[in-house]
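The values are calculated or read from the model by the stated rules, or taken from the named source; none is laboratory data. A quick note: this is a predicted structure, and the numbers were derived from the prediction, not measured. Cβ coordinates were reconstructed from backbone atoms using ideal geometry, including for glycine residues, and neighbour counts include every protein chain displayed.
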Amino acid sequence: MVTVVYSLLVALHVVSLVFCAGPILALALVPGGLTPSAAQRLTRVAGFGLLGILLTGGAAVAMTGPAFIHTWWLRLSVLLFLVIGALTGRLRRLTRDPGSASGVRPLAWAITFALALVVYLMEGKPF
Ligand code: HEM
């Protein structure tokens, strides 16, 4: 039963990642053709995805107890998660300001890169 709940949590964790990374990648790929309301909607969905990642990741850590809590891959991932959260907040502000549209794509690429780094850390657990 515990393993079923745990695998469900990790699955939800990855689904949350899809809801975060998908909209961010869309913002990175579309060259300035999005309306402000579409761009704002994408960043809002990405924010919900991030919240889902945090809640499910936190619950998974709580369930595994000491197994992962002292590992450096997890510590570094949590740090990167905070950076990603701050950058997504900045992205949200940029999509609200029509004069800053040119900054959206580079920032969305930076967030995508940071997300990919965390995926590597969480999958590979290198240290
Ligand atoms: C942007 C941030 C994050 C990304 C992209 C991410 C991504 C992932 C991925 C791809 C997996 C592997 C799922 C699998 O194949 O088993 C995973 C597992 C996991 N993540 Fe995250 N995660 C993030 C943030 C967090 C945070 C903030 C926490 C904790 C507070 C966390 C805790 C965990 C735990 C405990 C596992 C399960 C490890 C295992 O059982 O092997 N994650 N994450």
Practice task
Quickly run through the stretch 71-103 and pick out the residues that are more than 16 Å from the chain's Cα centre (by Cα) and either among the charged types (D, E, K, R) or within 25 Å of Pro31 (Cβ to Cβ) (or both).
Solution key: Arg93, Leu94, Thr95, Arg96, Asp97, Pro98, Gly99, Ser100, Ala101, Ser102, Gly103
Handout entry: Residue selected from the stretch 111-124 under the condition over 19 Å from Ala46 (Cα atoms) and near the ligand (Cβ under 7 Å from one of its atoms), by the criterion nearest to the chain's Cα centre (by Cα)
Key = Met122
Exercise for the section: Take the stretch 8-38 and flag every residue that is without any contact (Cβ under 8 Å) to a residue 12 or more places away in the chain and loosely packed, with under 11 Cβ neighbours inside 10 Å. Expected result: Gly33, Thr35, Ser37
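In the stretch 58-81, what count of residues is obtained for those that are farther than 15 Å from Leu117 by Cα and touching a Leu at 6+ places or on another chain (Cβ under 9 Å)?
5
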Problem - Identity of the residue in the stretch 46-60, closer than 9 Å to Leu9 by Cβ and more than 6 Å from the ligand (Cβ to nearest atom), that ends up farthest from the chain's Cα centre (by Cα) - result: Ala59
Practice task
State whether the residues of the stretch 117-127 include one that is of a type outside the set (Val, Ile, Thr), on the phi > 0 side of the Ramachandran plot and in contact (Cβ under 8 Å) with a residue 40 or more places away in the chain.
Solution key: yes
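Suppose we filter Thr95, Thr35 for residues that are modelled with pLDDT under 95 and touching a helix residue (DSSP H, G or I) at 6+ places or on another chain (Cβ under 6 Å); which single one remains?
Just a single option satisfies the conditions, and that option is Thr95.
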Exercise for the section: Could you tell me which of the residues Gly85, Gly89, Gly103 is away from the ligand (no atom under 15 Å from the Cβ), surrounded by 12 or more Cβ atoms within 10 Å (Cβ to Cβ) and small (Gly, Ala, Ser)? Expected result: Gly103
